Amino acid sequence: MRVTQIIIEKLLNDKNFRLSTALALGVSERNVQKLAQANSDNLTKMAAVKVYYQFGFSDEQIFGTVEA
């Protein structure tokens, strides 16, 4: 599972959001930027998802529509 383009754009363009995500994941800001550029599934770790929720994102905005 990957995060949506909304989250990727926010990570690439918002330094505070990127720093908060990096702190939650225990990595550098540059590492989060690289993860975003690669749309890594590491961006779906619970620690990162909690940051997305704190910034007001919904499940749909984070993961997109999941079809069964």
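The values are calculated or read from the model by the stated rules, or taken from the named source; none is laboratory data. Just so it is clear, the structure is predicted and the values come from calculations on it, not from any experiment. All Cβ positions, glycine included, derive from the backbone under ideal geometry; neighbour counts span all protein chains shown. Just the protein is used for accessible areas: all its heavy atoms, side chains included, with ligands, DNA and RNA removed. Shrake-Rupley method; radii C 1.70, N 1.55, O 1.52, S 1.80 Å.
Structure summary
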| quantity | calculated |
| --- | --- |
| Accessible area in square angstrom per residue, the chain, 1.4 angstrom probe | 63 Å² |
| Leading residue at positive end of dipole, segment 1-61 (Cβ point charges), from Ile7, Gly26, Val51 | Gly26 |
| Check: the chain dipole with +1 on Lys, Arg Cβ and -1 on Asp, Glu Cβ, in debye | 320 debye |
| Semi-axis lengths (Å, descending) of the ellipsoid that matches the C-alpha gyration tensor of the chain | 18, 12, 11 |
| Helical contribution to [θ] at 222 nm, DSSP H n ≥ 4, -39,500 (n - 2.57), averaged over the chain, rounded to 500 | -18000 deg cm²/dmol |
